[in-house]
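Following: one structure in structure tokens, then a few remarks.
The values are calculated or read from the model by the stated rules, or taken from the named source; none is laboratory data. The model shown is predicted, which means the values in this text are computed figures rather than measured ones. With ideal geometry, Cβ positions are generated from the backbone for all residues, glycine too; neighbour counts draw on all protein chains shown.
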Amino acid sequence: MDPRVRLGILESKKQGDNTEGLDELYSVYLTVVEAAFGQICEEEIQGIVSVMGAMIFAKQPLSDDVLLMLPGVRIGDSDILRLIRRGLMSVLDSGPVLHFHHRSFEDFLLSRSFRQKLHELSGIWDHELHERQLALLCLKAMVSSELRFNMGNLDSSSIKNVDIDVKSTVSPLISYSSLFWVDHVTQTPSDEMMMKAVQFVIYEKLLFWLEVMSLTGNVHEAYLMLRRAATWKVCLQVISL
């Protein structure tokens, strides 16, 4: 039977917290992943791990442009995103943004069964690895020239069109990074590189970040985010709240 058909049957049987058939469901998922990545080369593994880990641990689904910035995703002519879309078609949403159709597939990727049977891809469940990669991705965006004064290119005549201006001037990566950089940083052990990036954001980019938070309607979150960041031992050296 086609794995996609079998998957639909198993998911239709699932009700509430009933775990009956979970082993069968994981067996189908295993077949899907093995068929998708059975012929991958060594250099493609890092990209697959980076993308699928981000799909699990990112706070919101990330666009292709953002995923391409993750380690190992750009490798010559190989298209990691297309490889994932083609191989995992049966467990992905049909929209333009990579997103798993059902939470049970994420549970499978984080399960002991997956780590044991697909050891070469076991980095997908490495929470610390992916939090660090996402933290560095956010910080790289925050320290770049893309986060700047007057992100909305606003003047007195355009105040009424803030929503339109924000969509055209604040990139998805800057928007995501502004809202979630603290979440990822505080889940990551500190090192010198991250310390310098966080210090630069606090000392040089703070007002620009607050502007983005205001433009995206999240300024009320900024103070709470800085309070949480203050619990991260590096930030204790640079901010006092």
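How many residues are in a helix (DSSP H, G or I), closer than 20 Å to M89 by Cβ and without any contact (Cβ under 8 Å) to a residue 40 or more places away in the chain if we restrict to the stretch 40-65?
Total satisfying the criteria: 3.
Before we move on, is G76 under 17 Å from E43 (Cα atoms) and free of Cβ contacts under 8 Å to residues at least 24 places away in the same chain? If you could, list the steps in order and put the result at the bottom.
Details: under 17 Å from E43 (Cα atoms): yes; free of Cβ contacts under 8 Å to residues at least 24 places away in the same chain: yes.
For G76, the condition - under 17 Å from E43 (Cα atoms) and free of Cβ contacts under 8 Å to residues at least 24 places away in the same chain - is met.
Exactly one of (1) in the same structural domain as L206 (by TED's automatic domain parsing); (2) free of Cβ contacts under 8 Å to residues at least 12 places away in the same chain is unmet by Q133. Its number?
For Q133, the exception is condition (2).
Can you tell me which residue in the stretch 79-115 is surrounded by the fewest Cβ atoms within 10 Å (Cβ to Cβ), limited to those that are touching a residue at least 24 places away in the same chain (Cβ under 8 Å) and touching an Asp or Glu at 6+ places or on another chain (Cβ under 6 Å)?
H99
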